[in-house]
Amino acid sequence: MIPETLDALIRAGADALQTTCGLTVTAAHVSLVHHGSLTFPSLGELRIRNGALQKVNLGCDTALVGQLAGRAGGADRRSGIEVLAARVLSNLIEEMEGRRPRGAVENLAVAPITLYTRGQRTFGLRLETDAGRLFLLAEIPSKIELEEAKNSDFLSGMIGTYLPRDWMTRERFESGGVIDNFLVFVRKVEADLYLEVPDGSDAAGVRGAILLGAGSVDGCRALKLCVDLADTDLPAPSRGDVIRATVGLEDRSFSFDLSYLGEAEHPLEMGSRLPCAWFAVPDHIAIRQRRRSFRLPPLEPVMAELECASGRCLDSPWGDREVGHVRSTGRVKDLSFDGARIVLPQTVDDPALEAGNRIRCHLHLPGEVEPVVVSAMIRRVTLSLADRNEWQRDVGLEFQVTGADDRAAVARIREFVLAIQRNRLARRVDLSVARQW
């Protein structure tokens, strides 16, 4: 579905340039955008509901901006932008998968803006014409994200079809047929893979990837992964280098070694190419718990506030940094002895909420007058679909014990988690009909 959505974006932009500006696209380019901040030459945003995309940023270079008013038939530059953006949106909605998708053009402005990208399925498109370039930036949801947003049984059906019944109790997959079925599952649900790319020392950088298909390289069975290993600050791998890959599913983590076989491409519309790489099919897959301790969703809503130093992390253990503090309010999705997952609105986009930053988490537990305040390290920040139309920001926290106050807070959180567990166990066992011994 991701390549098909990219094709739809290319066609939508090319048709809009032709019909509104009389410009023919001479070349199209697609790139993967890594996690971080990005300066984007914005024209506006396309907001879409009930479709496979929720937002597309639209931009162009100065050469094209100067010609929009005359070519698009508007009275001035702004009206020219409106005409072009509206046509791109109309083309997208016409082709987009979804239940009667609709949309609107917002935030029209010819000015550079700073965008924060999560680097997972974030794509930049550049359409070149003789009069300038049009840019599109989109984060494309995976098949599994879209289906989960619809509360469908898609995932359970795919698990029942392609994974062994006892997959949750296994420690590894070794059979070729089981591994092949697992890889088909990963491809069909468009699961996120994380590649640990060596940086030339003992450390490694993580890059997101998507499994697009399989093939053969020099007689070796191979997997084609959508990943750009050349466009990175990490050294490019050589043939035969082993890269560790992980895939998460429910509370299990599947990890396996992939042998690098070389660069690849995936063809898209108008001669554009999606950067990819070939890897040998793994001979075994290890299965582990994703977390050190179990996590449980609260029985009733629990609000949380994440306190950050404005614009950066709380990196002073002595509390002596004279900076303003910002609190972002969300809700607790699940909680464990040593961590939590907090869901924030997508509008919360503080740059300090990045993996590796230290914050303070204020948990408003039921029945408590004062919140439980604990230090935490941000381990993961991702976007997910709250429903078909709305995004949410998921922040994974690992609690940190830096003193007596943190130790007391973690102990209180532990008691709260154990109370949830006892309540759930009591629901499973009807003690009122237990036989007297």
Could you look through region 88-107, keep only residues that are buried (at least 16 other Cβ atoms within 10 Å of the Cβ) and among the aliphatic types (A, V, I, L, M), and pick out the one that is modelled with the lowest pLDDT?
96
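Search region 171-182 for residues being part of a helix (DSSP H, G or I) and in contact with a strand residue (DSSP E or B) (Cβ under 7 Å, 6 or more places away or on another chain), and hand back the single one that is farthest from residue 212 (Cα to Cα). Show your work before the answer.
Within region 171-182, the first condition is being part of a helix (DSSP H, G or I), and the residues that meet it are 176-182.
Filter again for in contact with a strand residue (DSSP E or B) (Cβ under 7 Å, 6 or more places away or on another chain), leaving 179, 182.
Working: 179: 16, 182: 14 Å.
Filtering region 171-182 for residues that are part of a helix (DSSP H, G or I) and in contact with a strand residue (DSSP E or B) (Cβ under 7 Å, 6 or more places away or on another chain), the one farthest from residue 212 (Cα to Cα) comes out as 179.
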Restricting attention to region 73-87, report how many residues are modelled with pLDDT of 65 or more and closer than 16 Å to residue 109 by Cβ.
9
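Restricting to region 100-120, what's the tally of residues that are among the basic types (Lys, Arg) and closer than 23 Å to residue 90 by Cα?
Looking only at region 100-120, we keep the residues that are among the basic types (Lys, Arg), and these are 100, 102, 118.
Adding the requirement that they be closer than 23 Å to residue 90 by Cα leaves 100, 102.
Here the count works out to 2.
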Which of (1) under 15 Å from residue 130 (Cα atoms); (2) outside any strand (DSSP E or B) is the odd one out, the single condition residue 28 does not satisfy?
(2)
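Going by the structure shown, is residue 115 closer than 30 Å to residue 181 by Cα and at pLDDT below 85? Walk me through how you get there before you give the answer.
Working: closer than 30 Å to residue 181 by Cα: no; at pLDDT below 85: yes.
So residue 115 does not fit the description; no.
Quick one: how many residues across region 15-25 are part of a helix (DSSP H, G or I) and surrounded by fewer than 22 Cβ atoms within 10 Å (Cβ to Cβ)? Before the answer, list the steps.
Pass one, region 15-25, residues part of a helix (DSSP H, G or I): 15-21.
Then drop every residue that is not surrounded by fewer than 22 Cβ atoms within 10 Å (Cβ to Cβ), which leaves 15, 18-20.
Qualifying residue count for the region: 4.
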Check on residue 386, at pLDDT below 80, over 27 Å from residue 121 (Cα atoms), outside the structural domain of residue 255 (by TED's automatic domain parsing) and among the small types (Gly, Ala, Ser)
no
Selection within region 114-171 - within 25 Å of residue 382 (Cα to Cα) and among the aromatic types (Phe, Trp, Tyr):
116, 123, 135, 154
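What do you reckon, is residue 334 modelled with pLDDT under 85 and not polar (S, T, N, Q)? First the steps, then the outcome.
Details: modelled with pLDDT under 85: no; not polar (S, T, N, Q): yes.
The answer is no for residue 334.
Just for region 132-157: of the residues that are acidic (Asp, Glu) and modelled with pLDDT of 85 or more, which one is farthest from the chain's Cα centre (by Cα)? Give the derivation first.
Step one: filter region 132-157 for residues acidic (Asp, Glu), giving 139, 145, 147-148, 153.
With modelled with pLDDT of 85 or more added as a condition, the list becomes 139, 153.
Working: 139: 8, 153: 21 Å.
So the residue we want is 153.
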Out of the residues in region 365-421 that are among the basic types (Lys, Arg) and free of Cβ contacts under 8 Å to residues at least 40 places away in the same chain, state the one that is nearest to residue 208 (Cα to Cα).
380
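Give the residue that is modelled with the lowest pLDDT, with candidates limited to residues of region 289-303 that are over 22 Å from the mean Cα position of the chain (by Cα) and assigned to a strand (DSSP E or B).
The first filter runs over region 289-303 and keeps only residues over 22 Å from the mean Cα position of the chain (by Cα), leaving 292-294, 296, 298-303.
Narrowing the set further to residues that are assigned to a strand (DSSP E or B) leaves 296, 303.
On the way: 296: 79, 303: 92.
Ranking the qualifying residues of region 289-303, first place goes to 296.
State whether the residues of region 196-206 include one that is touching a residue at least 60 places away in the same chain (Cβ under 8 Å) and surrounded by 13 or more Cβ atoms within 10 Å (Cβ to Cβ). Give the steps one after another, and end with the answer.
Filtering region 196-206 down to residues touching a residue at least 60 places away in the same chain (Cβ under 8 Å) leaves none.
The answer is no, given that none of the residues of region 196-206 is touching a residue at least 60 places away in the same chain (Cβ under 8 Å) and surrounded by 13 or more Cβ atoms within 10 Å (Cβ to Cβ).
The values are calculated or read from the model by the stated rules, or taken from the named source; none is laboratory data. Nothing here was measured: the structure is a model prediction, and the numbers come from that model. Every residue, glycine as well, gets a Cβ built from its backbone with ideal geometry; the counts of neighbours run over all protein chains shown.
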